[in-house]
Amino acid sequence: MSRTLALVLFLMFNLVSANFDFFGNMFGNQQQHQQQHHRSGAAQWASQVDSVQCSQYLCPATLDCVSTPAECPCPDVQDIKCTIPNAGGDDEPMIMCVRGSNECTEVERLMRKGMKTSKPKSKSK
């Protein structure tokens with residue numbers, strides 16, 4: 001008996017909820033589903049870049065206007081800016097943002113190690 005009663009109540013509930021949905025749609029009470037157009041991250045970034053007024057150099061990560069790329073701040077406040085001399089002989093040093101108090105020395109050490117291994121070996125006769 002209780003199973004039959006539960007089944008009848010379940011079917012009645014489905015029938016009633018379907019009718020309310022039908023009447024709501026029939027009388028124009030349905031919700032308007034507004035399609036939102038979310039711009040992609042790249043499009044949003046491009047619009048921000050276009051809105052910044054800068055006659056010098058615009059830092060790509062922070063959109064700060066500076067006179068040279070070496071003056072760009074690091075994007076995160078926890079980062080430390082390391083200035084690494086360019087091995088190619090250019091005047092502009094390489095700038096790298098790292099996290100940690102001793103990381104600049106570690107980056108410089110790895111750069112020196114990389115330069116040693118990338119140099120062509122001289123032929124001995």
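The values are calculated or read from the model by the stated rules, or taken from the named source; none is laboratory data. Please read these numbers as outputs of a predicted model, since none were measured by experiment. Using ideal geometry, Cβ is built from the backbone for each residue, glycine included, and neighbour counts are taken over all protein chains shown.
So here's what we get for this one:
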| read-out | value |
| --- | --- |
| Count of residues meeting criterion [within 24 Å of P60 (Cβ to Cβ) and modelled with pLDDT under 70] in region 87-125 | 4 |
| Check on P73, at pLDDT below 80, in contact with a Ser or Thr (Cβ under 8 Å, 6 or more places away or on another chain) and either farther than 23 Å from Q44 by Cβ or not aliphatic (A, V, I, L, M) (or both) | no |
| All positions within region 46-103 that are part of a helix (DSSP H, G or I) and out of contact with any Pro (no Cβ under 8 Å at 6 or more places or on another chain) | A46, S47, Q48, V49, D50, S51, P69, E71, E103 |
| Set D64, D21: member being surrounded by 10 or more Cβ atoms within 10 Å (Cβ to Cβ) and modelled with pLDDT of 85 or more | D64 |
| Criterion violated by L11 - all others in (1) in a helix (DSSP H, G or I); (2) at pLDDT below 85; (3) surrounded by 11 or more Cβ atoms within 10 Å (Cβ to Cβ); (4) not aromatic (F, W, Y) satisfied | (3) |
